[in-house]
Amino acid sequence: MRRHKTLLAGAGLLCAGLLYGYVLIPLGLRIPCLFRHLTGLRCPGCGVTDLCLELLHGRFVPGYNWGLVLAAPWIPGLVWAEKHRPSTARACAWVLAALLLAWGVLRNLWGV
């Protein structure tokens, strides 16, 4: 039952993402980044939507948020480790968070 609910929630999120990417964005309806609006800097998550849209169209374009894309495969491993080795998972999660924060700072300094 729990697996069914998880799969249903994942399918709902996937459908919402596809609706956002293929219907709302072409209509000019985008969710603005509050961090960028307030500071003028890009947050560690800025550019993920554009990158995902380009990848869905089969285009590998530099300049988007590759830092978060490279970190994404580690997240399921962290979820698995949290169940089997909680102390290791927490340490790895802190390292991943620090790397993403460093990515957010460096991309603003270098304009990546």
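The values are calculated or read from the model by the stated rules, or taken from the named source; none is laboratory data. Being a predicted model, the structure only gives us computed values, none of them experimental. Here Cβ is always computed from backbone atoms with ideal geometry, including for glycine, and neighbour counts include all displayed protein chains. Just so you know, the surface numbers come from the protein's heavy atoms only, side chains and all, with ligands and any DNA or RNA stripped out. Shrake-Rupley method; radii C 1.70, N 1.55, O 1.52, S 1.80 Å.
Each residue of segment 36-49 is assigned a 3J(HN,Hα), and the resulting list reads 5, 5, 7, 10, x, 9, 8, 7, x, x, 4, x, 5, 4 Hz, derived from the Karplus form 6.51 cos²θ - 1.76 cosθ + 1.60 (θ = phi - 60°), x at Gly and Pro.
Across the accessible surface of the chain, with the other protein chains kept in place and a 1.4 Å probe, carbon and sulfur atoms take up 73 percent.
In the distance distribution for the chain, Cα-Cα pairs more than 18 Å apart total 64 percent.
Applied to segment 5-16, the Karplus parametrisation 6.51 cos²θ - 1.76 cosθ + 1.60 on θ = phi - 60° returns per-residue 3J(HN,Hα) values of 5, 5, 5, 5, 5, x, 5, x, 5, 4, 5, 5 Hz, with x for Gly and Pro.
Within segment 19-112, the trypsin sites (Lys or Arg not before Pro) that combine a DSSP coil assignment with at most 15 other C-beta atoms in a 10 angstrom radius are R30, R59.
Taking all protein chains together and a 1.4 Å probe, the residues E54, E82 rank E82, E54 from largest to smallest accessible area.
For segment 21-94, averaging the sequence separation of C-alpha pairs within contact (under 8 Å, six or more residues apart) and dividing by the residue count gives a relative contact order of 18 percent. Ranking V95, Y20, L78 by Cα position along the charge dipole of the chain, where only Lys, Arg, Asp and Glu carry charges on their C-beta atoms, puts L78 farthest toward the positive end.
Seen from R36, the other residues with C-beta closer than 14 Å to its C-beta sum to a net charge of +2, counting Lys and Arg as +1 and Asp and Glu as -1.
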